[in-house]
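The values are calculated or read from the model by the stated rules, or taken from the named source; none is laboratory data. What you see is a predicted model; the values in this text were computed from it and never measured. Virtual Cβ from ideal backbone geometry, glycine too; neighbours counted across all protein chains shown. When the accessible area is computed, the model is the full protein with side chains, heavy atoms only, and any ligands, DNA or RNA have been set aside. Shrake-Rupley method; radii C 1.70, N 1.55, O 1.52, S 1.80 Å.
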Amino acid sequence: MTKLDPAGKPFAAAHFIDGRAISGGKGAFENRYPATGELIGTVPAADEAIVDQAVTAARKALKGPWGKTSEQERAAVLRKVADGIMRRFDEFLTAEVMDTGKPVSLASHLDIPRGAANFNIFADQVLTLSAESFRMATPDGAGALNYALRVPRGVIGVVCPWNLPLLLMTWKVAPALACGNAVVVKPSEETPSTAALLGEVMNEAGVPPGVYNVVQGLGPDSAGEFLTRHPGVNGITFTGETRTGEAIMKAAATGVRPVSFELGGKNAALIFADCDLDKAVEGTIRSVFANCGQVCLGTERVYVERKLFPEFVARLKTAAEALRAGNPFDKATTLGPLISQEHRSKVLSYYERARKEGAEIVTGGGIPNLKGPLAQGSWIEPTIWTGLPETSAVIREEIFGPCCHVAPFDSEEEAVALANDSPYGLATAIWTTNLARAHRVAAQVEVGITWVNSWFLRDLRTPFGGSKQSGIGREGGVHSMEFYTELRNVCIKL
Ligand code: NAD
């Protein structure tokens, strides 16, 4: 147990198959607390036999009572899962903070409550799910009636990232179960705990064994690859890096299985001189530094109308320097560490690149000087640059750290062109008090999600996903139900 953890023992993660926690597989991997680097667990890595066991359990569950449940029954079970998460809130919170190092101030407001909310929203959705019907004319005059039947896809492979582990996993598991599927989840190797803990909640809520399964392990030549190429998996939903999405798409091509992808981003914020400055600074600071910059929707490119540029950069600097790094279990901490030493090396390589390319470092640029056990954690300074050319890799590639580059623009057209000059297309934040401008710009930015005068304000019924290399398909509300069900047409000659 770590010295910094006041809340109790971290949860020991294992596979969860057919309603039981099991170990076994091909070796094991370490789970470390990013804030101190301490080893908090050793997790078994699934081999092909373990993955096959999980997929077989899921297929069997679909043939059992779960396959015959009504929407009302499934909605009731999902609400019990949501209640179960809230009942064991502190356990989920500790497990998530220990796995990720994110501050409790964030996880207690975002990750854990959203994990529960995902089950409630999709319990609501499934009760109002409908499918179309058409009457048609026939030559004999009697006519025919067509209607669509919605059926579950079958076994869904759910491959998850480490940045918002419970939130993003339940965002897929909840609608999949609402629609009557069974799932096999592959959590990130960095964050194995909350997926395993959710297995206990599923049992308590009365979810039949085999409906929710978890296999732990890595990606290539490990649990991720074994799961995505398993022929018993009928559809794959994945959140993670664009390059990983390409690999999973190749695996899904065998057997022509559908995919739903939420991938990387290099998101822009457009700050117009007519914005409410306090709100724009506050929103931009959150969008750059929340979760130590490890949010797919986060801002790494900030474009500011030229006459506001010096003042905005100065305000961002002050706000960034006010962020408080420290023990994640301390409620006053606002900045956690990065997920791992490996990820810190990657982010630092961009810090170094920005320096070499002649960026002006407005603040940060290195490793903070933390004392005691925290000195061994994967901490990094929040960093702001200006002055790089738009061709720089620092501006073009997703860094996934607490950093942004700020550049001036002179016209609305230029702002839109700068925002769109990216292979990614996930999110944009527009800050302006000019309503007409807000509508004009929102219609032109090539992204799946546009916020005006806000950031990460989420109505879970809305379509969520990315354009260009940021994803395939949309999740959220009825859009999730589209992926997790298949429509079959029934034509009745009258
Ligand atoms: P990642 O792609 O490295 O890993 C994600 C998952 O895929 C992990 O569970 C990993 O083990 C698995 N994996 C890796 N290679 C695999 C393979 N060949 N076959 C099967 N599975 C494999 O992503 P990450 O580093 O965990 O997460 C960060 C990335 O996720 C960032 O790019 C971020 O933008 C993106 N992300 C996107 C969204 C979104 O909604 N668009 C949300 C969160 C994170």
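Among the residues of the range 25-55, the ones that are touching a residue at least 40 places away in the same chain (Cβ under 8 Å) and out of contact with any strand residue (DSSP E or B) (no Cβ under 9 Å at 6 or more places or on another chain) come to 7 in all.
Do you know which of the residues in the range 418-452 that are free of Cβ contacts under 8 Å to residues at least 24 places away in the same chain and under 22 Å from the mean Cα position of the chain (by Cα) is nearest to the ligand (Cβ to nearest atom)? Out of the qualifying residues, it is T450.
Taken over the range 231-258, the residue count meeting the criterion of being under 22 Å from the mean Cα position of the chain (by Cα) and open to solvent by 50 Å² or more (accessible area, probe 1.4 Å) is 7. Is it the case that E189 is within 16 Å of the ligand (Cβ to nearest atom), modelled with pLDDT of 95 or more and surrounded by fewer than 24 Cβ atoms within 10 Å (Cβ to Cβ)? For E189, the condition - within 16 Å of the ligand (Cβ to nearest atom), modelled with pLDDT of 95 or more and surrounded by fewer than 24 Cβ atoms within 10 Å (Cβ to Cβ) - is met. A single member of E282, E300, E305 is of a type in the set (D, E), farther than 19 Å from E96 by Cβ and in contact with a Pro (Cβ under 8 Å, 6 or more places away or on another chain), and it is E305. For the range 138-145, the count of residues that are in contact with a Lys or Arg (Cβ under 7 Å, 6 or more places away or on another chain) and on the phi > 0 side of the Ramachandran plot is at least one.
Every listed requirement among (1) touching a Ser or Thr at 6+ places or on another chain (Cβ under 6 Å); (2) open to solvent by 10 Å² or more (accessible area, probe 1.4 Å) is met by L426 save one, (2). Would you mind telling me which numbered condition in (1) surrounded by fewer than 21 Cβ atoms within 10 Å (Cβ to Cβ); (2) outside the structural domain of F289 (by TED's automatic domain parsing) E475 fails? Against the list (1) surrounded by fewer than 21 Cβ atoms within 10 Å (Cβ to Cβ); (2) outside the structural domain of F289 (by TED's automatic domain parsing), E475 comes up short only on (1). Within the range 336-393, being charged (D, E, K, R) and over 28 Å from the mean Cα position of the chain (by Cα) holds for R355, K356, E357, E360, K371. Can N267 be described as in contact with a helix residue (DSSP H, G or I) (Cβ under 7 Å, 6 or more places away or on another chain), within 16 Å of the ligand (Cβ to nearest atom) and closer than 29 Å to P389 by Cα? Considered against the rule, which asks whether it is in contact with a helix residue (DSSP H, G or I) (Cβ under 7 Å, 6 or more places away or on another chain), within 16 Å of the ligand (Cβ to nearest atom) and closer than 29 Å to P389 by Cα, N267 comes out as no. Looking at F289, F272, F261, just one residue is of a type in the set (F, W, Y), within 14 Å of the ligand (Cβ to nearest atom) and surrounded by 21 or more Cβ atoms within 10 Å (Cβ to Cβ), and that residue is F261.
State yes or no: is G365 open to solvent by 20 Å² or more (accessible area, probe 1.4 Å) and touching a Lys or Arg at 6+ places or on another chain (Cβ under 7 Å)? Taking the combined requirement at face value, the residue satisfies it. Screening the range 387-494 for strands (runs of 3 or more DSSP E) wholly inside it with 3 or more residues that are within 30 Å of R344 (Cα to Cα) and in contact with a strand residue (DSSP E or B) (Cβ under 9 Å, 6 or more places away or on another chain) returns the ranges 403-409, 427-431, 449-452.
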